[in-house]
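Colleague: Just passing along the structure, written as structure tokens.
The values are calculated or read from the model by the stated rules, or taken from the named source; none is laboratory data. Not measured: the values here are computed from a predicted model. Reconstructed Cβ throughout: ideal geometry from the backbone, glycine too, with neighbour counts over all protein chains shown. To get the accessible areas, we keep the full protein, side chains included, count just its heavy atoms, and leave off ligands, DNA and RNA. Shrake-Rupley method; radii C 1.70, N 1.55, O 1.52, S 1.80 Å.
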Amino acid sequence: SGVISLLRPLLVDVVPTIQQTAALALGRLANYNNDLAEAVVKGNILPQLLCSLSEQNRFYKKAAAFVLRAVGKHSPQLAQEVVHCGALEMLVICLEDFDPGVKEAACWALGCIARHNSELSQAVVDAGAIPLLVLCIQEPEIALKRIAASTLSDISKHSPELAQTVVDAGAIAHLAQMILNPDAKLKRQVLSALCQIGKHSVDLAVLVAEAEIFPVVLTCLKDSDEYVKKNGATLIREIAKHSPELSELIVNAGGVAAMIDCIGSCRGGVRLPGIMMLGYVAAHSETLAMAVIVSKGIPPLCACLLEELEDHIKAAAAWTLEQVGKHTAEHARAVAVANVLPTLLAMYMDPSSSADLQLKASIFAKKALKSILQKCTHLPALEPLLHDAPPTVMKYIIEQFSKVLPHDSKARRLFVTTGGLKKVQEIKAEPGSLLQEYINTINNCYPEEIVR
């Protein structure tokens, strides 16, 4: 109906209420979808909107920032149009406005531009937004704190350099102080911002950890808000992944035990960062993997394999069990006695798995089985696998029996009575292959008539 071209002249109407309402109408149109946002850009609305922004009242400034946000949120291309027309400078001026509502609207618009990619984030940084955003998170208004923390998160996520600019402005200390704020929505954004800073490098993770977030951040794992839980777990995961020293810091603060409790008390996607965090900790060293075992981490990880429906969560649990069990025979035994191996084998063998599940969960289950079996000398846990395992897994199982049976008379006796030896005779191995050598070693442990 040509509404956009009719609204454009109203942005410079002599009546302030008409200006504000016209801007609000354009914002709502642009907010609706990508095509309408493009129509607002093509209608040459943005220069008109900005031409006298600095002299306008707070209502117009809020409405103008809303239009810029509504256009910029849809795509990097539209956000670039907002940058081209000089909006960033005006939005940064709005961050210094006395009215908290104007600051909030400007923060939100800057966040919607910065979240798309590192180039747009850099443009927001170059416009001088960061120091003012750090001031905004110190303001008393909760809504302003939330959106400023969210914008800092959106800027930090793209690269170590962008995260460093946020750090250099002193953001970490102020964010860390707000972890205990009673407002759940603010906590979500604060945890997200610290996570986006800490994820890039060891140095940045150390700076976040040094802001004394431990053990305070562990309280978030018990929060009633699911997103606070998830963002808290993600932050701890991003710090743990970088180095054994950072993982050790988390273990010493009680982080592993707290994360295991968290995994046991929730379901679905909230579990995922916690599962991954335990895997990163366990991967670093034998000692750290033992910390996961001693804190009773294996049963909840097994529960994830059985209870979760989504393949990526099952795959993560299988990967973490592999990191725990791969180090020594003692680590492998801890996983084996929890009866995990049959579950991993079932995941690997499951014919009803979707193609996606076959790709993710079953591959991780196979890798976990392989790593754990190469170390596992706990024969009672291996025995049930003999009757179901495919040839690729069978080799590792037979190898372990060939190592243990020659030196353990009790195990040799059990191996016969449970049908293990009989199963070995049914395995068709290539003459001269490694598998045939292992079978020969096992058979040589018994008199010929028993083997027959």
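Colleague: How many residues does segment 157-197 contain that are part of a loop (DSSP other than H, G, I, E, B) and closer than 19 Å to His242 by Cα?
Modeller: Of the residues in that region, 3 qualify.
Colleague: Given Val208, Val167, Val190, which one is modelled with pLDDT of 95 or more, of a type outside the set (S, T, N, Q) and open to solvent by 20 Å² or more (accessible area, probe 1.4 Å)?
Modeller: Matching residue, one of Val208, Val167, Val190: Val167.
Colleague: Let me ask something else about it. Which members of segment 98-117 meet the condition of being under 21 Å from Cys51 (Cβ atoms) and either crowded, with 17+ Cβ neighbours inside 10 Å or small (Gly, Ala, Ser) (or both)?
Modeller: Within segment 98-117, Val102, Ala105, Ala106, Ala109, Leu110, Ile113 qualify.
Colleague: Of these, Leu132, Leu120, Leu162, Leu152, which one is within 30 Å of Val12 (Cα to Cα), modelled with pLDDT of 95 or more and open to solvent by less than 10 Å² (accessible area, probe 1.4 Å)?
Modeller: Leu120
Colleague: Moving on. Quick check, is Lys241 open to solvent by 30 Å² or more (accessible area, probe 1.4 Å) and within 19 Å of the chain's Cα centre (by Cα)?
Modeller: Judged against the criteria, Lys241 is a match.
Colleague: State all residues of segment 360-384 that are open to solvent by less than 20 Å² (accessible area, probe 1.4 Å) and closer than 20 Å to Ala315 by Cα; if no residue qualifies, say none.
Modeller: Those that are open to solvent by less than 20 Å² (accessible area, probe 1.4 Å) and closer than 20 Å to Ala315 by Cα: Ala361, Ser362, Ala365, Ala368, Leu369, Ile372, Leu373.
Colleague: Oh, and also: For the subset of segment 42-60 comprising residues that are open to solvent by 20 Å² or more (accessible area, probe 1.4 Å) and closer than 17 Å to Val14 by Cβ, which member is nearest to the chain's Cα centre (by Cα)?
Modeller: Phe59
Colleague: Taking the options Leu309, Leu301, Leu305, name whichever one is of a type in the set (A, V, I, L, M) and not in a helix (DSSP H, G or I).
Modeller: Just a single option satisfies the conditions, and that option is Leu309.
Colleague: Where the second residue is open to solvent by 70 Å² or more (accessible area, probe 1.4 Å) and in a helix (DSSP H, G or I) and the first is under 18 Å from Pro244 (Cα atoms) and lies in segment 206-234, which pairs have Cβ atoms under 7 Å and are six or more apart or on separate chains?
Modeller: Pairs found: Ala209/Leu249; Phe214/Leu249.
Colleague: Which numbered condition trips up Lys222, out of (1) touching a helix residue (DSSP H, G or I) at 6+ places or on another chain (Cβ under 6 Å); (2) farther than 21 Å from Glu104 by Cα; (3) open to solvent by 40 Å² or more (accessible area, probe 1.4 Å)?
Modeller: Of (1) touching a helix residue (DSSP H, G or I) at 6+ places or on another chain (Cβ under 6 Å); (2) farther than 21 Å from Glu104 by Cα; (3) open to solvent by 40 Å² or more (accessible area, probe 1.4 Å), only one is false for Lys222: (1).
Colleague: Considering only segment 63-90, how many residues are over 31 Å from the mean Cα position of the chain (by Cα) and open to solvent by less than 70 Å² (accessible area, probe 1.4 Å)?
Modeller: Number satisfying all stated conditions: 8.
Colleague: Quick one: in segment 391-400, which of the residues that are open to solvent by less than 20 Å² (accessible area, probe 1.4 Å) and in contact (Cβ under 8 Å) with a residue 40 or more places away in the chain is farthest from Ala346 (Cα to Cα)?
Modeller: Ile398
Colleague: Still on this structure: May I ask you to list pairs of residues, at least six apart or on different chains, whose Cβ atoms are under 8 Å apart, with the first in segment 325-349 being farther than 21 Å from Ala361 by Cβ and in contact (Cβ under 8 Å) with a residue 40 or more places away in the chain and the second being among the acidic types (Asp, Glu) and in a helix (DSSP H, G or I)?
Modeller: The qualifying pairs are His327/Glu286; Thr328/Glu286; His331/Glu286.
Colleague: Would you call Met290 under 16 Å from Lys230 (Cβ atoms), part of a helix (DSSP H, G or I) and open to solvent by 40 Å² or more (accessible area, probe 1.4 Å)?
Modeller: When the stated conditions are applied, Met290 does not pass them.
Colleague: Run Ala317 past the list (1) part of a helix (DSSP H, G or I); (2) open to solvent by 30 Å² or more (accessible area, probe 1.4 Å); (3) hydrophobic (A, V, I, L, M, F, W, C) and report the number of the one that doesn't hold.
Modeller: Status for Ala317: all satisfied but (2).
Colleague: Now a separate question. Please report, ordered by residue number, the helices (runs of 4 or more DSSP H) entirely within segment 117-156 with at least 2 residues that are under 18 Å from Leu78 (Cα atoms).
Modeller: By residue number, 118-126, 142-156.
Colleague: Looking only at segment 229-286, count every residue that is touching a Gly at 6+ places or on another chain (Cβ under 6 Å), of a type in the set (A, V, I, L, M) and closer than 21 Å to Val335 by Cβ and tell me the total.
Modeller: 4
Colleague: Select from segment 8-35 the residues that are open to solvent by less than 50 Å² (accessible area, probe 1.4 Å) and without any contact (Cβ under 8 Å) to a residue 24 or more places away in the chain and write down the one among them that is farthest from Gln48 (Cα to Cα).
Modeller: Ala25
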